[in-house]
Amino acid sequence: MPDVLAENLSDKNVMGSDGTELGIVYNITMDLKSGELHDLLVDPHEDTPTRSVSYDRDEGGRFRIPVGHVQAVKDYIVVER
């Protein structure tokens, strides 16, 4: 993932590299000691085809997308699919 401040990721829309809109960033998990980011928690849009998305989900139904899957951060966060 390119160097980006975590605060610039909040409330951004997330799109798969195949063009599928996945949802919006809800939160980011990290290691508090090292500051290393782990996962983007993405709240899926109502019309997101969740069955075709292979990412793990948390107890709230949000996608857990490892930050290593982030390909670009601009208007959207683009993640590997």
For the chain, please list each of the strands (runs of 3 or more DSSP E) lying entirely inside it that holds at least 1 residues being acidic (D, E) and either open to solvent by 60 Å² or more (accessible area, probe 1.4 Å) or out of contact with any Gly (no Cβ under 9 Å at 6 or more places or on another chain) (or both). 21-30, 37-44
Check on L22, in contact with a Phe, Trp or Tyr (Cβ under 9 Å, 6 or more places away or on another chain) and touching a residue at least 40 places away in the same chain (Cβ under 8 Å): yes
State which residue is nearest to I65 (Cα to Cα) when the search covers only the range 6-47 and only residues that are β-branched (V, I, T) and in contact with a strand residue (DSSP E or B) (Cβ under 8 Å, 6 or more places away or on another chain). V42
Looking at G68 and the list (1) in contact (Cβ under 8 Å) with a residue 40 or more places away in the chain; (2) under 13 Å from V14 (Cα atoms), which single condition is not satisfied? (2)
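The values are calculated or read from the model by the stated rules, or taken from the named source; none is laboratory data. Keep in mind that this is a model prediction, so the values were computed, not measured. Counting neighbours? That spans all protein chains shown, and the Cβs are built from the backbone with ideal geometry, glycine included. These accessible areas exclude ligands, DNA and RNA; they are computed on the full protein's heavy atoms, side chains included. Shrake-Rupley method; radii C 1.70, N 1.55, O 1.52, S 1.80 Å.
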